[in-house]
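The values are calculated or read from the model by the stated rules, or taken from the named source; none is laboratory data. Everything numeric here is computed off the predicted structure, so don't read it as measured data. Because the Cβ atoms are built from the backbone with ideal geometry, glycine has one as well, and the counts that use them run over all protein chains shown. Note: accessible area is taken over every heavy atom of the protein model, side chains too, but ligands, DNA and RNA are not part of it. Shrake-Rupley method; radii C 1.70, N 1.55, O 1.52, S 1.80 Å.
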Amino acid sequence: MSDDNKDLGDELNDMIGDAKDNAKKAGDKISQKTDEFKKEAKEFANEAKEKASEFSNEAREVLSDGKNVAIIAHITIIGWIIAIIMNSSNKTELGSFYIRQVLGIILLGIVLGLIPVINFFAWILPFAMWIMSLIGSLSGKKKPVFLLGEQFQDWFKGL
């Protein structure tokens, strides 16, 4: 019986040795796969970082584009204020041009609106100027409004 126990003990030791070897191989495979996943994750993270940087640059370019600033300046007084803020960080000639034009049109409308006799009809002139200015900004070209466009540029040079 002792020979049987010895054979059984040897078999058990062989099985334990095989199990250890297999566990070591499995651990090595897991370690190898972990390294591969880590490498892939780093590559993915770098690609994502590059894409985010590209998107950020494109977003800055769109927001600082003079044509966009010019168009936004025509959208109510709040839009005009937003256009000033956008243009202050990255001044463009086109954006500044239309910020000055719209300010002049707004002030002209207010002044003409204060005159009691022509109050109602006085808004037609600034509205026509605003439409012409908006069309010019949509085309991306600097087109001063009729009558006072050049004066608006001189009067509001600081913007």
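Rounded to the nearest 500, the 222 nm mean residue ellipticity of the chain from helices alone is -28500 deg cm²/dmol, with -39,500 (n - 2.57) taken per DSSP H run of at least 4 residues.
At full extension, Phe55 and Lys141 could sit 28.3 nm farther apart than now, given 0.36 nm per residue minus the alpha carbon distance. The accessible surface of the chain, taken with every protein chain in place and a 1.4 Å probe, is 65 percent carbon and sulfur.
With 10 Å bins from zero, work out the P(r) of the chain over every alpha carbon pair and list the percent per bin. Reading upward from the zero bin: 10, 23, 15, 9, 7, 7, 6, 6, 6, 5, 3, 2, 0.
A full extension of the chain between Lys29 and Ala48 corresponds to an added length of 4.0 nm, given 0.36 nm per residue minus the alpha carbon distance. Placing unit charges on each Cβ (+1 for Lys and Arg, -1 for Asp and Glu) gives the chain a dipole about its Cα centre, and among Ser31, Thr76, Met132 the Cα reaching farthest toward its positive end belongs to Met132.
Listed by number, the DSSP H helices of the chain that run 15 Å or longer by alpha-carbon position along their axis and have mean Kyte hydropathy of at least 1.6 are 76-89, 124-139. A Gaussian network model of the chain, with springs between Cα atoms under 10 Å, assigns the largest mean-square fluctuation among Met132, Met15, Met86 to Met15.
For the chain, a crude dipole built from +1 on the beta carbon of Lys and Arg and -1 on the beta carbon of Asp and Glu, taken about the Cα centre, is about 1880 debye to the nearest 20. To the nearest Å, what is the center-to-center distance of segment 18-40 and segment 134-159, using C-alpha atoms only? Each part's Cα centre sits 70 Å from the other's.
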